[in-house]
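Heads up: the structure comes next, in structure tokens.
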Amino acid sequence: MTFALEIMNLLPLIMQGVAGARELFEWGQGQVASLGEDGKPTDEMWAELRARRAALQSALHSDTE
Amino acid sequence: METRPLNHPEVAAKYYAQRQKAVAFLQYGFFAFLAVVCLFAFVGCASIQASKNSQIETKVFAASADYNAILSVAVAYESQPRCAVGQRPLGCSDVKVVAIIRKSDLTASAALKAAEDTARTPGVSESTAQLALTAAVNAVSALREILLVHGILKP
């Protein structure tokens, strides 16, 4: 389940966002790869994932009235 | 005349006592064997279940990580200045699209959080964990589709 193809085919106008998207995508892939066959994400991994999402949501909704 | 040993009361009593012990031993042994088999089966099933749920939790985690990646694209779009009336949406963001993205994010992130909490609940059934995974994937797809429809992501 990856969306790498979409992420790599972004419009040029959001090229600045591509780097961030790619970094986030690769971070997720790296975390999952580090788990091994039967491993599951640790509390710290979940916390980091949620913190990253919270930061993005804060930016997305920053000027919401 | 030779007498049979069991005709002798003491021998017979000893024989029957030993036989009773043997039967009792076999019975207890059988039940103990059954108990051990059931225990192994239970532990085995619980272990398989835990392993499957771990895999599902990992998939929910991967979906959430993908969501973050897609969300960052939405943030990059939103961070551009709003388009003026009649301006083509190149280098600017459409106020209506931004509103749609924000609304979609609120819905999707709530669904993702619920899916994450469910998948991480200890002892949750496999079918429930699977439903959580479906919800997480749908949440990711929803935002992805919106970005695709508005040309922010290319198919």
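Among residues of the stretch A:38-57 being over 11 Å from the mean Cα position of the chain (by Cα) and either buried (at least 16 other Cβ atoms within 10 Å of the Cβ) or aromatic (Phe, Trp, Tyr) (or both), the one that is modelled with the lowest pLDDT is A:40.
Residues in the stretch B:29-49: is at least one surrounded by 13 or more Cβ atoms within 10 Å (Cβ to Cβ) and either farther than 30 Å from residue A:57 by Cβ or modelled with pLDDT of 80 or more (or both)? Give the steps one after another, and end with the answer.
Filtering the stretch B:29-49 for residues surrounded by 13 or more Cβ atoms within 10 Å (Cβ to Cβ) gives B:49.
Add one more test, that the residue is either farther than 30 Å from residue A:57 by Cβ or modelled with pLDDT of 80 or more (or both), and what stays is B:49.
Among the residues of the stretch B:29-49, at least one is surrounded by 13 or more Cβ atoms within 10 Å (Cβ to Cβ) and either farther than 30 Å from residue A:57 by Cβ or modelled with pLDDT of 80 or more (or both), which makes the answer yes.
If the Cβ limit is 8 Å and pairs must be 6+ apart or interchain, which residue in the stretch B:53-71 that is at the interface with another protein chain (Cβ under 7 Å from one of its Cβ atoms) pairs with which residue that is outside any helix (DSSP H, G or I) and among the β-branched types (Val, Ile, Thr)? Going by the 8 Å Cβ cut-off, the qualifying pairs are B:66/A:2. What's the number of the only condition in (1) in contact (Cβ under 8 Å) with a residue 12 or more places away in the chain; (2) under 24 Å from the mean Cα position of the chain (by Cα); (3) surrounded by fewer than 21 Cβ atoms within 10 Å (Cβ to Cβ) that residue B:151 fails to meet? The one condition residue B:151 does not meet is (2). Does residue B:116 fit the bill of being more than 11 Å from the chain's Cα centre (by Cα) and buried (at least 19 other Cβ atoms within 10 Å of the Cβ)? Criteria not met by residue B:116. In the stretch A:16-35 there is no residue matching the filter, namely being part of a helix (DSSP H, G or I), surrounded by 14 or more Cβ atoms within 10 Å (Cβ to Cβ) and modelled with pLDDT of 90 or more.
Is it true that some residue in the stretch B:78-99 is outside any loop (DSSP other than H, G, I, E, B), among the aliphatic types (A, V, I, L, M), over 9 Å from the mean Cα position of the chain (by Cα) and under 25 Å from residue A:46 (Cβ atoms)? No, that holds for no residue.
The values are calculated or read from the model by the stated rules, or taken from the named source; none is laboratory data. Because the structure is predicted, anything quoted here is derived from the model rather than measured. Counting neighbours? That spans all protein chains shown, and the Cβs are built from the backbone with ideal geometry, glycine included.
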